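Quick notes on the structure that follows.
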Amino acid sequence: MRPPHPPRFLRPCPVVPHLQDIRISFERAVLQIPSKIAPKAQSELEASDYFQEGEKSWTRRKTLIHHLECLKLCGEDTDDEKQILQSLNMVLLALDEDMQKSAKLLTDYNVLPALAKILKASPTCAEKAAQVLAELAKNEETRRLCIDAGLVLALVPLLESSDQEILLHAGRAIGRICYENNDLQEQLVELDVISSLVRILTDFPDNDTLVRVDLLALSNLADLESAKEALSKTTVVGQLVKQLKKAESHERVEIIIEVLQMLAENDALKLQLVDSCVQEILCSILQRLQESSQAEDMCTMKSSSDLIVSLLLGDESMQKLFDSGRGIVYQNIPSWLTSRHTLLQMTGALAIANFARNDSNCVRMVQLGVVHQLLDLLELHVENGDVAVQHAALSALRNLAIPVMNKVQMLAEGVADRIQMLLRSEMPPVQFKLLGTLRMLTDGQADTARILGQDSKLLNRLVQWCEAKDHTGVRGEANRLLASLLRHSKSQDVVKAVQQAEGMKHLVSMTTSEHAIMQNEALIALAIASAINLAIVEETFKESELVSILQKILEDEAMGPEVKYNSLGLLCSIVDSDELRKEMTVVNIKETLEKLCGQINNNVAKQANTVLQILANCSQNSGHFFA
């Protein structure tokens, strides 16, 4: 029988049991190296230092190369674990002293594949090998090489270990190697790394260092849809909420909330978060930080507020949080609206706006007096106020005004009058929301439309916004509110006021909008105005070439039947005008109408036939006939 043979090293490797001993061995080794000729120095002492430093560097490089060769050989035969550990310790020391040069040597000597073999074959050395890789992965250039060497797949099984040190280094290595690498992250999800990460949180919740690494790994993966789906089938939410509850450092709170924010994008996880009462912890955080102005606290306040708003975006989670006005988020809204922090003011307004997506919630909140809380907030921001806060508060008021019974109560409480204070705002986002809120309040409310429709200050501002070229949203909403005032008031006085403010021409232009809903609103409003007082609007209609516009609409094959039907209705309203009827003769409207009589849509065909009969009657009565 052949005697056992020693490991196939090129030369015996020195025994280096501890990193401190490594450093000592470097110092001793220097004494054995022949001196080289030094360049000119200012003194003998400087020259001596130069020699010593150069010799140390040369010795360390030589020793590191020797250990790299050892690791390559050990990769083929992992029986000598003591030697592997010594060499890994040497590599760690070298990386700590000079990351760039040492990492280059590792890649030049192709040691990474050997590390992959050690990870798989030597449980004793796996921890130290993972630690080496974790350090190497700090270097962006070596990450790709780690991937090519198959190190990620070799590291993943280590996450099943119960050894916390192995978990720590393996987790760091995987996290750093896969940082900002979407393909690798997807691969990790497929390898069920998610379950391992959740298990670590569950089994070792008090190991702060390990938990931090675990949280960082989750933050890298949680943005993936596949990861969210996998996480929704675990207990991760409960574990994260527990960690958030006991977190004390700003960094720990921030990273947990960051992960929760990503999870909240998934509806199932959003519900799990609400069921885990994360909202109570978030409200507690906001309450604790209300009086602070420190930058760190402001960051935590913002991330906590953003997460609360995210939870409100789901219909089911929002309803659970509202709980008929008993939920802790709703209970905190009054203090947020009156906070000195605009961030909390906006959070309160956004919370109301989201709760107000449900009609029953709207009614309940108006009963609870939330309207005046919003109005008080708006008044604080009239002069040089925060645009985002005004935008959020007006969004909330608009949503609250959707149920009919709320309109009545809100108008009775003077909402329309109070929000007109914002008419002087020069901020387009505020203007846009203000117009939408006023339009919602007047919808179906004749008295309100009549009052607002005669307010010269409001009408002049609306006409000014109808001409806004830089903000199409404001221009569109201004036109829609003008049309709404005419449609819902059906008032002679309002027609006169709108005409006096030169608003009719803008409604004529609105009939050419690319949005059918706006076209229909304008056509109906103009029909009502001309039916009430054709004489006062006749000249404006003629100057605006309304008849030609209506003909183009009727001849456009792509135009919807509802728009054509309302255009024909407007023709009926203006046909009594001799001047406008002459224009109909000039453009040969009769031919257009006759073609429409053969339309597939019965309503359009009947309406076209009705207009033809009215035109014929008017022509006979006036002694004129269409050719």
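Each value in this text was obtained by applying a stated rule to the coordinates, not by laboratory testing. Here the structure is a predicted model, which is why all the values come from computation and not from measurement. Neighbour counts are summed over all protein chains in view; Cβ atoms, including those assigned to glycine, are modelled from backbone coordinates with ideal geometry.
Considering the dipole of the chain built from charges on the beta carbon (Lys and Arg +1, Asp and Glu -1) around the Cα centre, which of N89, A349, T592 is farthest to its positive end?
T592
Report the Cα centroid-to-centroid distance between the range 153-203 and the range 262-295 in angstrom, as an integer.
Between the Cα centre of the range 153-203 and that of the range 262-295, the gap is 27 Å.
Rank by packing, highest mean first: peptides 360-369, 489-498, with packing defined as the count of other Cβ atoms within 10 Å averaged across residues.
Working: 360-369: 17.1, 489-498: 20.7.
Highest mean packing first, the order is 489-498, 360-369.
Order of 160-170, 123-133, 338-348 by packing, highest average Cβ count within 10 Å first? Before the final figure, lay out each step's value.
Details: 160-170: 18.2, 123-133: 23.0, 338-348: 20.2.
The packing order, highest mean first, is 123-133, 338-348, 160-170.
List the lysines whose Cα lies under 27 Å from the Cα of K407, skipping any in the same chain that are fewer than 8 positions away.
Correct list for K407: K320, K433, K457, K490, K496.
Sort 515-522, 479-486 for me by packing, meaning the mean count of neighbouring Cβ atoms within 10 Å per residue, highest on top. Display every interim value, and only then the final one.
Values: 515-522: 18.1, 479-486: 26.5.
Peptide ranking by packing, descending: 479-486, 515-522.
Per DSSP H run of n ≥ 4, the term is -39500 (n - 2.57); total these for the chain, divide by its residue number, and report the mean residue ellipticity at 222 nm rounded to 500 deg cm²/dmol.
Numbers: 38 runs with 465 residues, N = 627.
Dividing the helical sum by the residues of the chain leaves -23000 deg cm²/dmol.
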